[in-house]
Amino acid sequence: LEEALNRLNPDANLELMFDYVRIRFPTQDVKYVAETILKIKLDHFVHEDFGFYSYEEHYRRGDIYLLVSTYEKKGILLELKGQGCRQFEGVLIAQDRSWFDFFFTSHLASCKFKRLDLAINDRYGILSIPELSKKCKNEECISVFRSFKDYRSGELLRREEKSYMGHTLYIGSLKSEIYFC
């Protein structure tokens, strides 16, 4: 994607970033995941006696979450939402590591990548979602994906669009392993 977008408009920079990361590690050793994989001392996390997604407890450092279960099969779940990804990027920079280094270390630990979201921040208006939606509706989109969904938010009383009103285009089935939003 990045290569194709650079070819379309090499003068306008687009920012491609991880926006959501969820990884399951096949261990119950939260200290191992924190200190060996994330390379953050477990003492730097706050422990809380409740969890999410049927995990019983969690450790968090800002918006970086390690969810723990007593069930061996569930392992340790790392969850980084948007802000957690930004915070972890700061950690990676301080450690002189990259996302690639982190994912490679995680892969060596036999992890399961449950969800990885990439976001393209387009502050230059290269990717017009309404225009892309129109291309899909007019069957001008060439893709291996077979479906798309188009959503638009707005106000009922006024016709003018505000900056907080958005357009969302999904290309591909939301049930598949890969789709674009």
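Under the definition of Cα pairs under 8 Å and six or more residues apart, what whole-number percent is the relative contact order of the chain?
That works out to 22 percent.
What length, rounded to one decimal in nm, is gained on full extension from E131 through to E2, with 0.36 nm per residue of separation minus their alpha-carbon distance? Don't skip to the answer; put the middle values down first.
Numbers: separation 129, 0.36 × 129 = 46.44 nm, distance 1.94 nm.
Fully extending the segment from E131 to E2 adds 44.5 nm.
About the Cα centre of the chain, how large is the charge dipole given +1 on each Lys and Arg Cβ and -1 on each Asp and Glu Cβ? Please answer in debye to the nearest 20.
Numbers: 27 positive and 28 negative charges, 97 e Å.
In total the dipole reaches around 460 debye.
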Exercise. At a 1.4 Å probe radius, carbon and sulfur cover how many percent of the accessible area of the chain?
Worked result: 51 percent
Exercise. Given H placed on each backbone N at 1.01 Å, which residues far from C111 in sequence or on other chains put an amide H within less than 5 Å of it?
Worked result: none
For this session: For the chain, build the charge dipole from Cβ charges (+1 Lys, Arg; -1 Asp, Glu) around the Cα centre, then report which of H167, C85, L38 sits farthest towards its positive end.
Result: H167
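Just to be sure I understand: of the beta bridges DSSP finds with both ends in region 24-181, what percent are antiparallel, rounded to 5? Numbers along the way, then the final one.
Working: 22 of 22 bridges.
So the antiparallel bridges in region 24-181 amount to around 100 percent.
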Exercise. Non-local amide H neighbours of L118 (under 5 Å, H modeled in plane, Pro and chain starts lacking H): which ones?
Worked result: D19
Seminar exercise, completed: Going residue by residue through region 146-153, the Karplus relation 6.51 cos²θ - 1.76 cosθ + 1.60 with θ = phi - 60° gives ³J(HN,Hα) values, rounded to whole Hz and with x marking Gly or Pro, of 10, 9, 8, 9, 10, 10, 9, 9
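Express in % the proportion of alpha carbon pairs of region 35-181 at distances exceeding 24 Å. Write out the running numbers ahead of the final one.
Numbers: 5549 of 10731 pairs.
Within region 35-181, distances greater than 24 Å cover 52 percent of Cα pairs.
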For this session: Enter the accessible area per residue of the chain (Å², integer; probe 1.4 Å; all protein chains in place).
Result: 70 Å²
Seminar exercise, completed: In degrees rounded to 10, the 0-90 angle between helix 82-94 Cα long axis and the longest Cα principal axis of the chain is 60 degrees
Seminar exercise, completed: With DSSP loop assignment and no more than 14 other C-beta atoms within 10 Å, the trypsin sites (Lys or Arg not before Pro) in region 18-76 are K41, K73
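Would you mind checking the pairs K81/K135; K39/K81; K81/K137 and listing those with alpha carbons more than 28 angstrom apart? It would help to have the intermediate numbers written out before the result.
Working: K81/K135 31 Å; K39/K81 19 Å; K81/K137 31 Å.
The pairs that break the limit, which is 28 Å between Cα atoms, are K81/K135; K81/K137.
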Exercise. Shape of region 28-94 from its Cα gyration tensor (a ≥ b ≥ c, root eigenvalues): rounded if a/c is under 1.5, otherwise prolate when a/b > b/c, or oblate?
Worked result: prolate
Seminar exercise, completed: With a Förster distance of 25 angstrom and the Cβ-Cβ distance between E139 and W99, calculated FRET efficiency to the nearest 0.05 equals 0.10
Exercise. Modelled label-to-label distance, S147 and F113, 7 Å Cα→beta-carbon offset: nm?
Worked result: 2.4 nm
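Of the chain, which part is the longest with no GluC sites (Glu not before Pro) in a loop (DSSP not H, G, I, E, B) and with at most 11 other C-beta atoms within 10 angstrom? Before the final figure, lay out each step's value.
On the way: sites that count: E72, E139, E140, E155, E160, E177.
Counting at most 11 other Cβ atoms within 10 Å as exposed, the longest clean stretch of the chain is 1-71.
The values are calculated or read from the model by the stated rules, or taken from the named source; none is laboratory data. All of these numbers come straight from a predicted model, not from anything done at the bench. FYI the Cβ positions are ideal-geometry reconstructions off the backbone, even for glycines, and counts take in every protein chain you see. Ligands, DNA and RNA are excluded from the accessible area calculation, which covers all protein heavy atoms including side chains. Shrake-Rupley method; radii C 1.70, N 1.55, O 1.52, S 1.80 Å.
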